[in-house]
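Novice: Dumping the structure here so I can ask a few things about it.
The values are calculated or read from the model by the stated rules, or taken from the named source; none is laboratory data. Please read these numbers as outputs of a predicted model, since none were measured by experiment. Cβ: placed from backbone, ideal geometry, glycine included. Neighbour counts: every protein chain shown.
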Amino acid sequence: MSFLKNISQSGLTDHELAQSYRSTGNLVILGELYQRYMDLLYGVCLKYLKDDEKAKDAVMQIFEELVVKLRKHEVENVKGWIYQVTKNHCLMQLRTPKNLKTVEIHPDLMQSPENVHLNGVLEREENLNKLEYCIGTLSNEQQQMIKLFYLQGKCYQEIVDETGTEWNQVRSYIQNGRRNLKTCMEKSMEENQNKTPLKR
């Protein structure tokens, strides 16, 4: 789930980044630390929630938890701590009755890791036209945020600084835009499958 490019601008260790964020509350610092473990977080969430869309939403929700929790706790083993926070978040989600129902994921999206996120779609040349079309169906705000977040690899805070849009609104545009894109791409896949004879 490489939604963001793995950019390490500071060269600090995990522990140093955690300490720096704890003392300053600077979200750019937290964002750098968060990027290092996004794939791990997504993998854990997908393992427990068994749903691509819920896993993606959970990763974003966990970032919001880290904003608060990492300022309250002195963390030595950052990777292990983030893993535990993620695991606990997923278990809480599973204990909530409304989240017990899972949504069936299109088989094509689960064939390989590259197909479960937008980066995988971008790497498949045959889907570029479909993706371009689907992005064009989004609202102007969703298009802007999706392009900045997924295509340009900017973090939330960078988008806030660049566009002047509030952090929560940026998150909303990205989440809603992602859902709309996923729906549009799945519909396109289904249409192609219906045109292709089944192989025995």
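Novice: Taking the condition of being surrounded by fewer than 18 Cβ atoms within 10 Å (Cβ to Cβ) and under 20 Å from the mean Cα position of the chain (by Cα), how many residues in the stretch 15-35 meet it?
Specialist: Total satisfying the criteria: 1.
Novice: Specify the residue that is modelled with the highest pLDDT; the eligible residues are those in the stretch 1-58 that are assigned to a loop (DSSP other than H, G, I, E, B) and in contact with a Phe, Trp or Tyr (Cβ under 7 Å, 6 or more places away or on another chain). Show your work before the answer.
Specialist: Of the residues in the stretch 1-58, the ones assigned to a loop (DSSP other than H, G, I, E, B) are 1-13, 25-26, 37, 50-51.
Subset that is in contact with a Phe, Trp or Tyr (Cβ under 7 Å, 6 or more places away or on another chain): 1, 3.
Numbers: Met1: 47, Phe3: 44.
By that ranking, first place goes to Met1.
Novice: Let me ask something else. Give the stretch 143-153 a look and list any residue that's more than 18 Å from Glu64 (Cβ to Cβ) and buried (at least 20 other Cβ atoms within 10 Å of the Cβ), or say none. Quick ask: steps written out before the conclusion?
Specialist: Here is the first cut: in the stretch 143-153, the residues more than 18 Å from Glu64 (Cβ to Cβ) are 143-144, 146-148, 150-153.
Answer for the stretch 143-153, where residues must be more than 18 Å from Glu64 (Cβ to Cβ) and buried (at least 20 other Cβ atoms within 10 Å of the Cβ): Ile146, Leu148, Tyr150.
Novice: Could you please find all residues in the stretch 152-179 being touching a residue at least 24 places away in the same chain (Cβ under 8 Å) and among the aliphatic types (A, V, I, L, M)?
Specialist: Val170, Ile174 - these are the residues of the stretch 152-179 that are touching a residue at least 24 places away in the same chain (Cβ under 8 Å) and among the aliphatic types (A, V, I, L, M).
Novice: From the list Lys79, Lys98, exactly one residue is modelled with pLDDT of 85 or more and either surrounded by 15 or more Cβ atoms within 10 Å (Cβ to Cβ) or assigned to a helix (DSSP H, G or I) (or both). Which is it? Full working, then the answer.
Specialist: Working: Lys98 fails: modelled with pLDDT of 85 or more.
Being modelled with pLDDT of 85 or more and either surrounded by 15 or more Cβ atoms within 10 Å (Cβ to Cβ) or assigned to a helix (DSSP H, G or I) (or both) holds for just one of Lys79, Lys98, which is Lys79.
Novice: If you don't mind, another one. Is there a residue in the stretch 156-167 that is crowded, with 18+ Cβ neighbours inside 10 Å, within 13 Å of the chain's Cα centre (by Cα), under 23 Å from Leu49 (Cβ atoms) and modelled with pLDDT of 70 or more?
Specialist: Within the stretch 156-167, one or more residues are crowded, with 18+ Cβ neighbours inside 10 Å, within 13 Å of the chain's Cα centre (by Cα), under 23 Å from Leu49 (Cβ atoms) and modelled with pLDDT of 70 or more.
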